[in-house]
Amino acid sequence: MLKDVKNRQSEVLALIVKRYVETAEPVGSRFIAKKLELSSATIRNVMSDLEDAGYINHPHTSAGRIPTDKGYRYYIESLMRVKTVNEALAKSVKSEYTRAGRSLEDVLQRMSHLISNLTNYVGVALFSEYHKLYLDGTSHIVEQPEFKDFKKLYYILRCLEEKRDIMDLLAGDFDTEKLTIHMGKDNQSSPLSGCSIVTRGYKVKGKVSGRLGVIGPKRMVYEKVIPTVEYLADAVSELLEEFDYTNEQ
């Protein structure tokens with residue numbers, strides 16, 4: 001019985017995350033009940049349990065629920081089905097290979113632009129050794145409904161422009177190739193507290209040398225973003241395998 005309840009909670013949480021990502025609107029019990037062909041009362045009980053456990057909460061102005069940071073992380077780690085990289089992405093990367101210049105700056109600028117275009121979030125490319133950070137597609141932040149408050153939007157855009165907070169947030173990841181996600185409370189001292197930063201390390205001559213990824217709302221399409229970031233980080237490592245960056249300062 002406990003196993004069934006746990007599975008049902010997972011089903012409900014997954015539907016809440018997916019629906020909220022699609023609509024940016026709190027998700028009500030009626031929608032979930034219809035999807036799972038269960039009574040609204042049953043779903044309300046499950047949603048209450050999820051809320052008590054900290055996986056969802058509800059805005060004061062709505063009876064619907066939205067995922068918390070804990071809910072997003074559980075979804076990413078345990079429930080999400082990662083999409084495979086499609087052929088169009090592979091062709092885009094090959095196109096960038098042929099157009100990329102010989103400077104590290106050109107390669108990273110092109111990759112930040114490419115990942116922004118592919119995900120519709122802010123593209124990030126960081127070269128750790130010389131603390132160079134390239135951003136592309138900051139206008140995508142303006143498109144997100146959760147940042148429609150002008151004051152909040154102003155501070156986010158200013159943070160992206162100055163870059164210092166982003167460097168500080170990613171500083172602990174400089175030496176790892178693993179994918180990392182800084183979300184919500186991880187960014188609490190920054191204007192990016194309402195955002196997620198998803199990056200993965202890339203290598204130059206076998207050494208982890210920087211990060212590639214995206215900045216966007218916590219309401220992010222992680223099943224698409226994560227494989228895209230991983231694929232492009234590997235592509236950059238391949239492109240820069242024999243790269244000499246000693247004259248890039």
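The values are calculated or read from the model by the stated rules, or taken from the named source; none is laboratory data. Just so it is clear, the model here is predicted, and its values are computed rather than measured. Positions of Cβ are backbone-derived with ideal geometry, glycine not excepted, and every protein chain shown enters the neighbour counts.
Hey, among the residues in segment 178-199 that are in contact with a Lys or Arg (Cβ under 7 Å, 6 or more places away or on another chain) and assigned to a strand (DSSP E or B), which one's nearest to Ser128 (Cα to Cα)?
Thr199
Please state which one of Asp168, Asp175 is in the same structural domain as Leu114 (by TED's automatic domain parsing), over 16 Å from the mean Cα position of the chain (by Cα), assigned to a helix (DSSP H, G or I) and surrounded by fewer than 16 Cβ atoms within 10 Å (Cβ to Cβ).
Values: Asp175 fails: assigned to a helix (DSSP H, G or I).
None of the other options fit; the residue is Asp168.
Specify the residue that is modelled with the lowest pLDDT; the eligible residues are those in segment 71-109 that are in contact with a strand residue (DSSP E or B) (Cβ under 9 Å, 6 or more places away or on another chain) and charged (D, E, K, R).
Ranking the candidates gives Glu105 first.
Have a look at Glu161, Glu146, Glu105, Glu129 and point out the one that is within 16 Å of Leu239 (Cβ to Cβ) and surrounded by fewer than 21 Cβ atoms within 10 Å (Cβ to Cβ).
Numbers: Glu161 fails: within 16 Å of Leu239 (Cβ to Cβ); Glu146 fails: within 16 Å of Leu239 (Cβ to Cβ); Glu129 fails: within 16 Å of Leu239 (Cβ to Cβ).
After applying the criteria, what remains is Glu105.
So Ser116 ticks every box in (1) of a type in the set (S, T, N, Q); (2) closer than 16 Å to Thr228 by Cα; (3) in contact with a helix residue (DSSP H, G or I) (Cβ under 6 Å, 6 or more places away or on another chain) but one. Which box is left unticked?
Just one mismatch for Ser116, condition (3).
Is there any pair linking a residue in segment 112-138 that is assigned by TED's automatic domain parsing to the domain that holds Cys195 and part of a strand (DSSP E or B) to one that is surrounded by 23 or more Cβ atoms within 10 Å (Cβ to Cβ) and of a type in the set (D, E, K, R), with Cβ under 8 Å and at least six apart or on different chains, and which?
Val124/Arg211; Ala125/Arg211; Leu126/Arg211
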